[in-house]
Amino acid sequence: QVQLVESGGGMVQAGGSLRLSCAASGSGFRINALGWYRQAPGKQRELVAVITSSGDTTYADSVKGRFTISSDNVKITVHLQMNTLKPEDTAVYYCNADYSMVRNRGSIFTSWGQGTQVTVSS
């Protein structure tokens, strides 16, 4: 099992910035990808950004050019730098990890953080 803990959420005015962080802990796992998802009230959870173990990144169209995902492979941490925030970015942001167990590499598992609230006011 991989445990994920997010931090960095809060309230910011439109045009401002926030930086989210997520630390993974556990043992006997190998990360395939780390990502950020978000869910606004009445909306389904959506992918915001993902970074693979090789460093390849993918972003939702709505955040391209404003958000940047990065990871630290030593501390097994993923960050989301959010700039030029808009009210429509308001949501609970969840950290996600896709991983395999060292002794069960044939299967891919996923873990989720508890979520951190991001509120952007106008």
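Within the set of pairs 6+ apart or on separate chains, which have a first residue in segment 46-58 that is over 15 Å from residue 73 (Cβ atoms), a second that is of a type in the set (D, E, K, R) and open to solvent by less than 30 Å² (accessible area, probe 1.4 Å), and C-beta atoms under 8 Å apart?
Once the first residue is over 15 Å from residue 73 (Cβ atoms) and sits in segment 46-58, its partners that are of a type in the set (D, E, K, R) and open to solvent by less than 30 Å² (accessible area, probe 1.4 Å) give 46/38; 48/38.
Could you figure out which of (1) on the phi > 0 side of the Ramachandran plot; (2) assigned to a strand (DSSP E or B) isn't true of residue 100?
(1)
Could you go through segment 94-103 and let me know if any residue there is closer than 18 Å to residue 3 by Cβ and of a type in the set (Phe, Trp, Tyr).
yes
Please enumerate the residues belonging to segment 1-25 that are part of a loop (DSSP other than H, G, I, E, B), closer than 25 Å to residue 99 by Cα and either of a type in the set (S, T, N, Q) or open to solvent by 50 Å² or more (accessible area, probe 1.4 Å) (or both).
Residue satisfying the conditions is 1 alone.
Checking the conditions here, which among 57, 68, 110, 84 is in contact with a His (Cβ under 9 Å, 6 or more places away or on another chain), at pLDDT 95 or above and open to solvent by 40 Å² or more (accessible area, probe 1.4 Å)? Can you show your working first?
Numbers: 57 fails: in contact with a His (Cβ under 9 Å, 6 or more places away or on another chain); 110 fails: in contact with a His (Cβ under 9 Å, 6 or more places away or on another chain); 84 fails: in contact with a His (Cβ under 9 Å, 6 or more places away or on another chain).
Selected residue: 68, the only one of 57, 68, 110, 84 that is in contact with a His (Cβ under 9 Å, 6 or more places away or on another chain), at pLDDT 95 or above and open to solvent by 40 Å² or more (accessible area, probe 1.4 Å).
The values are calculated or read from the model by the stated rules, or taken from the named source; none is laboratory data. No experiment lies behind these values; they were computed from the predicted model shown. Neighbour counts run over all protein chains shown; Cβ positions are idealised from the backbone, glycine included. Please note that ligands, DNA and RNA were not included when accessible areas were found on the heavy atoms of the full protein model with its side chains. Shrake-Rupley method; radii C 1.70, N 1.55, O 1.52, S 1.80 Å.
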